[in-house]
């Protein structure tokens, strides 16, 4: 699987950046899987990975800005770690998703920035 090493930020204005590393699910490193909603399918925000600019959704952008302030550094996130323009890769990775989530050290569930609605989601 492809994992994202997310760079820490020196300030909230620091652009999102990271690098990819390939890992085996047979002996994976410690990583966090991220569960979230894509929200609108507009890819309007950027993250630079290994020198390439990737466009991501606003919801994922907000999640990554928050996650880069946590102790977690290595992530599996479908929108970034799966080549979305490669149908064969997407099909193969979808079949692995159960194991990807099971073998993660943690799973972060992103409901969005703190609002009354996210409070309801946590309460439920």
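The numbers here are math on the coordinates, done by the rules we state, and not lab data. What you see is a predicted model; the values in this text were computed from it and never measured. Note that each Cβ is placed from the backbone with ideal geometry, even for glycine, and that neighbours are counted across all protein chains shown.
Between [x] 21, 18, 16; [y] 35, 18, 14; [z] 33, 17, 15, which matches semi-axes √(5λ) of the Cα gyration tensor in Å calculated for the structure shown?
Matching the structure shown: [x].
Taking the DSSP beta bridges in the stretch 1-111 as the whole, what percent of them are antiparallel, to the nearest 5? Don't jump to the answer; show the numbers that get you there.
Values: 13 of 22 bridges.
Antiparallel: roughly 60 percent of the beta bridges in the stretch 1-111.
Tell me, Kirkwood radius of the stretch 2-70 from alpha-carbon pair distances, in Å? It would help to have the intermediate numbers written out before the result.
On the way: mean 1/r = 0.0768 Å⁻¹.
Hydrodynamic radius (Kirkwood, Cα only) of the stretch 2-70 equals 13.0 Å.
What FRET efficiency comes out for the pair residue 89/residue 5, r = Cβ-Cβ distance, R0 = 25 Å, nearest 0.05?
Details: r = 20 Å, r/R0 = 0.79.
It comes to 0.80.
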